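**Q** Okay, here's the structure, questions in a sec.
Quick note: the coordinates plus some simple rules give every number you see, no bench work behind them. These numbers were taken from a predicted model, which means no experiment stands behind them. Every residue, glycine as well, gets a Cβ built from its backbone with ideal geometry; the counts of neighbours run over all protein chains shown.
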Protein chains: 2
Amino acid sequence: MLRRIKLTLQYDGSAFLGWQSQENGPTVQSAIETAIESITGGHVRVHAAGRTDTGVHALAMPAHFDLEHTIPVERLALALNHFLPEAVSVLSAEEVAPAWDARRSAIMRWYRYQILRARVRQPLGPRAWQVWHPLDLDSMNEALTLLQGDHDFSGFRSSQCQSRRTRLTLEEASLTAAGDLLAIDFKCRSFLHHMVRFMVGTVVAMGLGKIDRDRMLLIRDKGQRPQLIYCAPPEGLCLMQVGYGEDERKEILNAHPTPPSF
Amino acid sequence: MLRRIKLTLQYDGSAFLGWQSQENGPTVQSAIETAIESITGGHVRVHAAGRTDTGVHALAMPAHFDLEHTIPVERLALALNHFLPEAVSVLSAEEVAPAWDARRSAIMRWYRYQILRARVRQPLGPRAWQVWHPLDLDSMNEALTLLQGDHDFSGFRSSQCQSRRTRLTLEEASLTAAGDLLAIDFKCRSFLHHMVRFMVGTVVAMGLGKIDRDRMLLIRDKGQRPQLIYCAPPEGLCLMQVGYGEDERKEILNAHPTPPSF
C-alpha cells in the first residue's frame with residue numbers, strides 16, 4: 001500500500017549545502033532520503049515546499065514522499081530521527097491525500113531574516129547577520145513599506161532565477177526590533193530565487209544610507225539593481241512556516257513572535 | 001612595559017575539547033594563546049576563571065594574561081577576534097592591576113544548566129539537555145532546596161577532583177521554567193570538578209522519580225552517590241558570569257533572566 005507522507009523538518013542550515021542533493025557535500029534532501037532508505041530499504045525521492053540555499057535554516061519545512069512500507073506513521077518521526085544527523089530533525093510525520101504536494105499545494109510562505117547589531121561576534125547568540133555599522137530603523141521601515149504589495153520583483157532575484165512569473169503580491173514586509181536583534185518578516189505565496197536575501201540587502205543599504213528612496217524605487221519599478229546591493233548572507237535567513245489552507249494562511253499572517261526565533 | 005589584561009570570552013563549547021590546552025584537539029586556551037601570538041609574536045600563557053570541560057559553553061568567561069606589546073587595549077578585542085575561530089569571541093579586553101587574577105580574585109561564579117523537555121530533537125532550539133520522560137518540577141525544586149546552603153559536596157564531584165576543600169556554601173540553586181525549557185541556576189564562590197553536572201543529574205533523577213528525598217540526603221550528607229546518578233551531559237551547561245567585587249557578587253545573586261540564555 002502506497003501512502004503519501006507529509007514530513008515537517010527543522011534544520012540548521014550551516015551544516016548543509018542547502019536542500020537539493022548534489023555531489024559536493026551533505027544536503028538536507030540526501031540526509032532525509034538516506035534515512036528513509038535505512039527504514040524501507042528502497043530509494044524514494046522527497047519533495048520540499050522550497051529549496052533552501054546553502055546555509056539557510058528551516059524552522060518547519062514541509063516535504064512529501066510516497067511510503068511503501070508498513071511502519072505505523074506515528075513511529076515514523078522518531079525512527080527517521082534515529083538515522084538523521086544532529087543538524088536535522090523530523091518534527092512530525094502524517095499521512096496526507098495522494099494528491100497533496102508540499103510545493104504545489106502551498107499558498108503562503110513565511111521567511112524571517114535576523115540581523116544582530118553588534119561589534120563583536122557572539123558565538124552563543126542567535127543565528128543572524130552581524131551588522132556593525134549603525135542602521136537607521138526608520139529608513140529600513142520605509143524600504144519595507146515600498147516592498148510590500150503587488151510588484152514585479154525582477155530587481156530582487158538572482159541572475160540564475162528561472163521563474164517565469166516575477167509579479168507577486170508580497171503580503172507582508174515588516175521589522176521587529178528586540179534590543180540589538182532585528183527580525184524582518186516576509187510573507188508571500190511564493191518567492192523568487194534569492195529574493196528575500198536581495199530584499200534584505202536593499203533594506204540594509206537604505207538603513208546604512210547607501211541608497212535613498214528614489215534609488216530603491218528604481219530597483220523596484222525598473223529592475224535596476226546597483227552593484228552595491230548585495231545578497232544578504234544565508235546565516236540570518238530561516239523558512240519559518242508554510243501554509244496550505246485558508247486557516248493556515250491567516251495564522252501565518254497574524255504571527256509576529258518576538259525574536260530570536262532561531 | 002608589561003600590562004596585565006583581563007579578557008572576557010564567549011564560546012560555544014561544542015567546538016572545543018574544553019578550556020585547557022591538550023594535544024588531542026582544539027581547546028579554547030590554545031585558540032586564545034595562538035591569537036595573541038599572531039599579534040605579539042611571542043607565546044604567553046592565558047589563565048581562565050575556571051577550566052570548563054569538553055562541550056561546556058561560556059557566556060562571559062574572564063581570563064588574564066600579561067601583554068608585552070604596544071597595541072592599545074581598546075583595539076585588542078577586535079584584533080584578537082580577527083585571528084580566532086568563529087566559535088569563540090573576545091567580548092572585551094581591559095587593563096587591570098598586576099595582581100589581579102581571573103581565578104584567584106573571583107568571589108562568585110554562576111552556572112546555568114538548560115533542559116529541554118521535548119520528544120524530538122530541535123536543531124534550531126536552545127543548547128540544552130533534551131529530556132523526553134516527564135519531569136516533576138516540584139520534586140526538582142525540592143532537590144534544589146536540599147542542595148542550597150552550606151554542605152560538604154563530596155557526593156557531587158568526579159572521582160578525579162583534586163580539591164581539598166569540599167565544604168562550600170551554595171548560595172543559590174533554583175529552577176526557572178519557560179514553556180518546555182527549564183533553566184537551573186547555581187551560584188557559589190567556587191565549584192568542584194563536575195559538581196554542577198552531578199547536581200543536575202541528581203535533580204533530574206528526583207524529577208524522574210528514580211530517587212527520593214531520603215536517597216538524596218544520603219548523597220548530600222554521606223557522599224554516597226548511587227550508580228544510577230549520572231553526570232548530566234555538557235551541552236546544557238554554561239558559565240554565565242564570574243564576579244570579583246561585592247557589587248558584582250550582588251549583581252549575580254539578583255540575576256534571574258528568563259531562558260534561553262544560550
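**Q** Quick one: angle between helix B:137-147 and the longest Cα principal axis of chain B, in degrees between 0 and 90, rounded to 10, please.
**A** Around 70 degrees separate the two axes.
**Q** Could you give the angle, 0 to 90 degrees to the nearest 10, between helix A:73-83's Cα long axis and the longest principal axis of the Cα atoms of chain A?
**A** Rounded to the nearest ten degrees, it is 70.
**Q** Taking θ = phi - 60°, what integer Hz values does the Karplus form 6.51 cos²θ - 1.76 cosθ + 1.60 yield along the range A:244-260, in sequence order, with x for Gly and Pro?
**A** 10, x, 4, 5, 5, 4, 5, 4, 5, 5, 8, 7, 9, x, 5, x, x
**Q** Right, next: Using modelled backbone amide H atoms (1.01 Å from N, in-plane), which distant-in-sequence or interchain residues come within less than 5 Å of residue A:189's amide H?
**A** Long-range HN contacts for residue A:189: A:109, A:169, A:171.
**Q** Within the range A:59-102, report the chymotrypsin sites (Phe, Trp or Tyr not before Pro) that DSSP leaves as loop and that have at most 15 other Cβ atoms within 10 Å. Please report the intermediate quantities before stating the final value.
**A** Values: sites: A:65, A:83, A:100; in loops: A:100.
Passing sites in the range A:59-102 are A:100.
**Q** Measuring from the axis that superposes chain A on chain B, report the chain A residue with the minimal C-beta distance, rounded to whole Å.
**A** For chain A, the closest residue to the axis carrying it onto B is A:260, 4.
**Q** Here is a follow-up. What net charge is computed for the residues neighbouring residue B:194, neighbours being all others with C-beta under 15 Å from the C-beta of residue B:194, Lys and Arg scored +1, Asp and Glu -1? If you can, show how the numbers build up before the last one.
**A** Numbers: positive: B:51, B:109, B:157, B:197, B:225; negative: B:53, B:235.
That sum, taken over residues with Cβ under 15 Å, equals +3.
**Q** Average projected area of the Cα convex hull of the range B:108-254, in nm²?
**A** Details: hull surface 35.7 nm².
Reported value for the Cα convex hull: 8.9 nm².
**Q** How many partner chain Cβ atoms sit within 10 Å of a residue's Cβ in peptide A:122-129, on average, as a whole number? Spell out each step's value before the answer.
**A** Numbers: counts 6, 18, 16, 5, 2, 1, 0, 0.
Mean inter-chain Cβ contacts per residue within 10 Å come to 6.
**Q** Here's a follow-up. Which distances in nm, rounded to one decimal and ordered from shortest, link the label point of residue B:72 to the equivalent label points in the other identical copies, with labels set 7 Å from Cα toward Cβ?
**A** Values, ascending and in nm: 6.9.
**Q** Which value in Å does the Kirkwood hydrodynamic radius of the protein assembly as shown take, with 1/r averaged over all unlike C-alpha pairs and then inverted?
**A** Details: mean 1/r = 0.0391 Å⁻¹.
Every distinct Cα pair counted, the radius reaches 25.6 Å.
**Q** Taking θ as phi - 60°, what are the ³J(HN,Hα) couplings along the range A:148-163 by the Karplus curve (6.51, -1.76, 1.60), each to the nearest whole Hz, with x for Gly and Pro?
**A** Per-residue couplings from phi come out as 5, x, 9, 9, 8, 8, 4, x, 10, 10, 6, 5, 8, 5, 9, 5 Hz.
**Q** Place a point 7 Å from the Cα of residue A:230 along the Cα-to-Cβ direction; which residues of the range B:67-103 have their backbone N under 20 Å from it?
**A** Answer for this model: B:78-79, B:81-87.
**Q** Round to a whole angstrom and tell me the spacing of the C-alpha centers of the range A:183-209 and the range B:197-262.
**A** Here the answer is 44 Å between Cα centres.
**Q** Still on this structure, please answer the following. Mind checking the angle between helix B:195-207 and chain B's longest principal axis? C-alpha axes, 0 to 90 degrees, to the nearest 10.
**A** Long axis of B:195-207 versus the principal axis of chain B: about 30 degrees.
**Q** Something else now. Rank the residues A:169, A:202 as a footprinting-exposure proxy: fewest other Cβ atoms within 10 Å of their Cβ go first.
**A** The fewest-first ordering by Cβ neighbours comes to A:169, A:202.
**Q** Continuing with this model, one more query. Compute the label-point distances linking residue B:107 to its equivalents in the other copies; points lie 7 Å from Cα along Cα→Cβ; give nm, one decimal, shortest first.
**A** Once sorted, the set of distances for residue B:107 reads 6.5 nm.
**Q** Per residue of chain A, what 222 nm ellipticity follows from adding -39500 (n - 2.57) for every DSSP H run with n ≥ 4, rounded to the nearest 500? If you can, show how the numbers build up before the last one.
**A** Numbers: 6 runs with 67 residues, N = 262.
Helix contribution divided over all residues of chain A: -8000 deg cm²/dmol.
**Q** If you don't mind, another one. Please give the net charge around residue A:151, taking every other residue with its beta carbon less than 14 angstrom from that of residue A:151, where Lys and Arg add +1 and Asp and Glu add -1.
**A** Numbers: positive: A:157, A:165, A:167, A:189, A:220, A:222, A:225; negative: A:150, A:152, A:171, A:172, A:221.
Once all neighbours under 14 Å are counted, the net charge is +2.
**Q** I would also like to ask the following. Kindly give the distances from residue B:212 to its copy-mates, label point to label point, with each label point 7 Å from Cα along Cα→Cβ, as nm values to one decimal ordered shortest first.
**A** 7.9
**Q** Spelling out what I want: for every residue of the range A:93-101, take phi, set θ = phi - 60°, compute 6.51 cos²θ - 1.76 cosθ + 1.60 (Karplus), and round to whole Hz; glycine and proline get x.
**A** Calculated HN-Hα couplings, in order: 9, 8, 7, 10, 5, x, 8, 5, 10 Hz.
**Q** Which net charge results for the neighbourhood of residue B:126, defined as the other residues with beta-carbon distances under 13 angstrom from its beta-carbon, given Lys and Arg at +1 and Asp and Glu at -1?
**A** Working: positive: A:127, B:112, B:117, B:121, B:127; negative: A:12, B:12, B:180, B:235.
So the surrounding residues net to +1.
**Q** Distance between Cα centroids, the range B:1-72 to the range B:81-156: provide it in whole Å.
**A** 19 Å
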